[in-house]
Amino acid sequence: MKVMVGISNRHVHLTKEDFKILFGDQEEIKIKDLKQPGMYATDNIVVLKGAKRNIEKVRVLGPLRDYTQVEVSRTDAFTLGINPPIRNSGDLKDACEITIVGPCGEITRNAAIIATRHIHLDKEQREKYGLVGVEKVSLRINGEKPGIIENVYLKETEKAFFEVHLDMDDANAFLLNNDDEIEIIKD
């Protein structure tokens, strides 16, 4: 069984309160729907300020959430001089402190994580692909730099586009591009 690749570059999710601190009275400006239902990229850009260096032009994704979260790769973490844990989205236990700078203000939050590799799916897709009761799988990548990626979690939501999310480091290691298809191996 195959799954489409979605490469997740560094990005930020914000609460309504934190959005207001960073952007004042400006609204979220949606520029593009993402493949996951209800998710979108905004025109809102921030700077991530780390202990060593900053990363500029980081996209805010919508909609606004109940928590502020910064998702970076390990390479980004080295650049910033931080050591975030690998976590599922929304799990901010031991998240690394980071400063987020917007045009109207800045905030410092324990919000930086490296997101786990995960496959988005809904209940119907889980049943269709024989993944009921399965928590994680592996992925087989063919091509010039073949290999196996282990510990890929299944993230079930009410509505989902069947897609694996990998960060830039994982994608680059296997020369993967958005919309490539790779094979799921049940663990």
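So, R0 is 35 Å and r is the distance between the beta-carbons of D43 and S138; what FRET efficiency does that work out to, to 0.05? Let's see the in-between values first.
Working: r = 37 Å, r/R0 = 1.06.
Efficiency for this residue pair is about 0.40.
Out of the total accessible area of the chain (probe 1.4 Å, heavy atoms of protein only), what percent is carbon and sulfur? All intermediate terms of the calculation are to be shown ahead of the outcome.
Numbers: 4610 of 9930 Å².
Ligands and nucleic acids excluded, carbon and sulfur give 46 percent.
Taking Cα pairs under 8 Å and at least six residues apart, what relative contact order does the range 1-124 come out at, in percent?
Working: 251 pairs, mean separation 33.6, N = 124.
Value for the range 1-124: 27 percent.
Which residues in the range 75-101 have a backbone N closer than 19 Å to a point placed 7 Å from the Cα of A51 along the Cα-to-Cβ line?
75-87, 93-101
For the range 1-87, rounded, prolate or oblate, judged on the Cα gyration tensor with a ≥ b ≥ c (square roots of eigenvalues), a/c < 1.5 rounded, else prolate if a/b > b/c? Numbers along the way, then the final one.
Numbers: a/c = 1.88, a/b = 1.03, b/c = 1.83.
Note, shape of the range 1-87 comes out oblate.
Quote the Stokes-Einstein diffusion coefficient, in whole µm² s⁻¹, for the range 73-141, based on the Kirkwood radius over alpha carbon pairs, a temperature of 10 °C and a viscosity of 1.306 mPa s.
Working: Rh = 14.7 Å.
Diffusion coefficient, whole number: 108 µm²/s.
Given the rule -39500 (n - 2.57) for each run of at least 4 DSSP H residues, summed and divided by the residues of the chain, what is its mean residue ellipticity at 222 nm, to the nearest 500 deg cm²/dmol?
Working: 4 runs with 27 residues, N = 187.
Per the formula, -3500 deg cm²/dmol.
Assuming R0 = 22 Å, what is the FRET efficiency of K155 and E17, from their Cβ-Cβ distance, to the nearest 0.05? Could you put the intermediate results ahead of the total?
Details: r = 26 Å, r/R0 = 1.18.
Rounded to the nearest 0.05, the efficiency is 0.25.
How do the peptides 56-63, 152-159, 109-116 rank, highest first, by the average count of neighbouring beta carbon atoms within 10 Å per residue?
Working: 56-63: 16.8, 152-159: 15.0, 109-116: 21.0.
The densest-packed peptide leads the list: 109-116, 56-63, 152-159.
So what's the gap between the Cα centers of the range 1-74 and the range 100-133, to the nearest angstrom?
11
Would the range 138-187 count as rounded, prolate or oblate if I go by the C-alpha gyration tensor, calling it rounded below 1.5 in a/c and otherwise prolate when a/b exceeds b/c, oblate otherwise? Please list the in-between numbers first.
Numbers: a/c = 2.02, a/b = 1.53, b/c = 1.32.
Prolate, since a/c reaches 1.5 and a/b exceeds b/c.
Going highest first, how would you order 166-173, 124-131 by mean Cβ packing within 10 Å? Present the calculation step by step, with values, prior to reporting the outcome.
Numbers: 166-173: 18.5, 124-131: 14.8.
Taking the mean over residues of other Cβ atoms within 10 Å, the ranking is 166-173, 124-131.
On average, how much area does the Cα convex hull of the chain cover when viewed from any direction, in nm²?
On the way: hull surface 42.0 nm².
If you wrap the Cα atoms of the chain in a convex hull and average its projections, you get 10.5 nm².
Have a look at I55, V132, I21 and report the one farthest towards the positive end of the charge dipole of the chain, computed about the Cα centre with Cβ charges (Lys/Arg +1, Asp/Glu -1).
Positive-most Cα among the choices belongs to I55.
What's the Kirkwood radius of the range 1-50 in Å, using all Cα pairs? Provide the component values of the computation, followed by the final result.
Working: mean 1/r = 0.0768 Å⁻¹.
Kirkwood radius, the range 1-50: 13.0 Å.
The values are calculated or read from the model by the stated rules, or taken from the named source; none is laboratory data. Owing to the predicted nature of the structure, the values given are computational and were not obtained by experimental measurement. Neighbour counts are summed over all protein chains in view; Cβ atoms, including those assigned to glycine, are modelled from backbone coordinates with ideal geometry. Remember, those area values only see protein heavy atoms, side chains included, never the ligands or the DNA or RNA. Shrake-Rupley method; radii C 1.70, N 1.55, O 1.52, S 1.80 Å.
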